[in-house]
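A.B. asks: Take a look at the following structure, please.
The values are calculated or read from the model by the stated rules, or taken from the named source; none is laboratory data. Quantities reported herein were computed from a predicted structural model and do not represent experimental measurements. So basically every Cβ, Gly included, is an ideal-geometry build from the backbone, and we count neighbours across all protein chains shown. The area values use the complete protein model at the heavy-atom level, side chains included, leaving out ligands, DNA and RNA. Shrake-Rupley method; radii C 1.70, N 1.55, O 1.52, S 1.80 Å.
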Amino acid sequence: MNRQLKKISIITPFYNEESGADEFFERIVPHLLSLKTSYEIICVNDGSRDKTIEKLVFHHKKNPNVKIVDFSRNFGKEAAVSAGLEYATGDVVIPIDSDLQDPPELIPTLIEKWKEGYDVVTAKRSSRQGESFLKKFTAKHFYRVIRYMSEVEIPVDVGDFRLMDKKVVKALSTMKEKNRFLKGMFAWVGFKQIDVEYERHARFKGSSKWNYWKLWNFALDGILMFSTMPLKIWSYFGFFVSFSAFVYLIYRIIRVIFKGVDVPGYDSTLVIILFLGGIQLIGIGVLGEYIARIFIEVKGRPIYIAKETIGFNEKVTHSSNKRGN
Ligand code: UDP
Ligand code: MG
């Protein structure tokens, strides 16, 4: 199969990235020009508090292929990429980080694979540079835990940097959930996939926008939106605890029959009550996590609010701002 590429859409979220924005365009534009097709770079300004928007407007004036969706506040990277997917009109769509951690040099390789007939070409990290041991460790295990628990197969060590055919993007637009865990959603839609390896470099400028609390919540979204195991596991655990308690009860009765009543064990009673109290609280907590997400879904709020869009002349439909289908 040899597909004809007419237009390529790049999606880039920007959150307080004024220091690296110039280099980003400097590095990516030559690669896009080398492909000799029309292109657009959809920059989503995710409520930056620095001068990111001024930088983006400057680059838009220089190069009208740079288009801007300006959020009314910070909605998070997942919302930013979701917005970009809605506005993208290319035959292929590539989300890429604005901090140059995803190398633009890989774009021609991704396109080659697409031309061979693959609908999704994921970029797999063979190494991560400039990240702390703890970040690497947590990232590595996160991907493995989620793979084990999730109902769909989420590829290991693959971020959002990937190429998607426009039919994949269309399929994604039918997923209306508000808790957006894109890695899971990308896996859920399926299609013909292949991966190419790359080395993840250190951030070019600025600092990572994630802290461990944000990452923890991100991981929870990933697990809870793509697995019901945490809800179900408690019945098995409860059964196990109750069964053990029953066996222990039989043992105590037999002991009383043969040896009589000994000193009442306050300690063991206390331990058992506290242990089971803790287990029950965890169970309730798990229910709470799911209910909180159901609550967010039923409110049906849009995923983001764009206060302004710059550079789009084609008509785009804003599916996420509508309810239901
Ligand atoms: N980002 C965003 N909104 C946020 C946090 C991050 O749009 O609330 C963007 C950020 O500008 C960058 C990308 O998401 O382009 C990845 O963020 P970062 O480099 O901080 O994450 P890391 O690479 O450390 O996982
Ligand atoms: Mg980064």
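A.B. asks: Just to be sure, is residue 124 farther than 24 Å from residue 205 by Cβ, more than 16 Å from ligand 1 (Cβ to nearest atom) and of a type outside the set (A, V, I, L, M, F, W, C)?
C.D. replies: Against the criterion (farther than 24 Å from residue 205 by Cβ, more than 16 Å from ligand 1 (Cβ to nearest atom) and of a type outside the set (A, V, I, L, M, F, W, C)), residue 124 does not qualify.
A.B. asks: Follow-up question, since we're still on this one. So which residues in region 23-65 are within 16 Å of ligand 2 (Cβ to nearest atom) and part of a helix (DSSP H, G or I)?
C.D. replies: The answer is 23, 24, 27, 28, 52.
A.B. asks: Name the residues in region 165-197 that are within 14 Å of ligand 1 (Cβ to nearest atom) and not basic (Lys, Arg), would you?
C.D. replies: Taking region 165-197 first, the residues within 14 Å of ligand 1 (Cβ to nearest atom) are 180, 182-183.
The answer is 182, and nothing else.
A.B. asks: With respect to the numbered conditions (1) open to solvent by 80 Å² or more (accessible area, probe 1.4 Å); (2) free of Cβ contacts under 8 Å to residues at least 60 places away in the same chain, which one is the sole condition not fulfilled by residue 171?
C.D. replies: (1)
A.B. asks: To continue, here is another question. Could you check region 66-153 for strands (runs of 3 or more DSSP E) lying wholly inside it with 1 or more residues that are in contact with a Cys (Cβ under 8 Å, 6 or more places away or on another chain) and away from ligand 2 (no atom under 16 Å from the Cβ)?
C.D. replies: 66-71
A.B. asks: Would you please name the residue that is nearest to ligand 1 (Cβ to nearest atom), looking only at residues in region 63-99 that are open to solvent by 10 Å² or more (accessible area, probe 1.4 Å) and aliphatic (A, V, I, L, M)?
C.D. replies: It comes out as 85.
A.B. asks: Using the structure shown, decide if residue 214 is closer than 26 Å to residue 17 by Cβ and within 16 Å of ligand 2 (Cβ to nearest atom). Break it down into steps so the answer makes sense when it comes.
C.D. replies: Working: closer than 26 Å to residue 17 by Cβ: yes; within 16 Å of ligand 2 (Cβ to nearest atom): yes.
Taking the combined requirement at face value, the residue satisfies it.
A.B. asks: Just to be sure I understand, how many residues within region 135-165 are within 17 Å of residue 96 (Cβ to Cβ), in contact (Cβ under 8 Å) with a residue 40 or more places away in the chain and in contact with a Ser or Thr (Cβ under 7 Å, 6 or more places away or on another chain)?
C.D. replies: 1
A.B. asks: Need a quick list: helices (runs of 4 or more DSSP H) entirely within region 201-312 having at least 1 residues that are within 16 Å of ligand 1 (Cβ to nearest atom) and loosely packed, with under 11 Cβ neighbours inside 10 Å. Write out each step before concluding.
C.D. replies: On the way: elements: 212-226, 229-259, 266-299.
Helices (runs of 4 or more DSSP H) meeting the threshold: 212-226.
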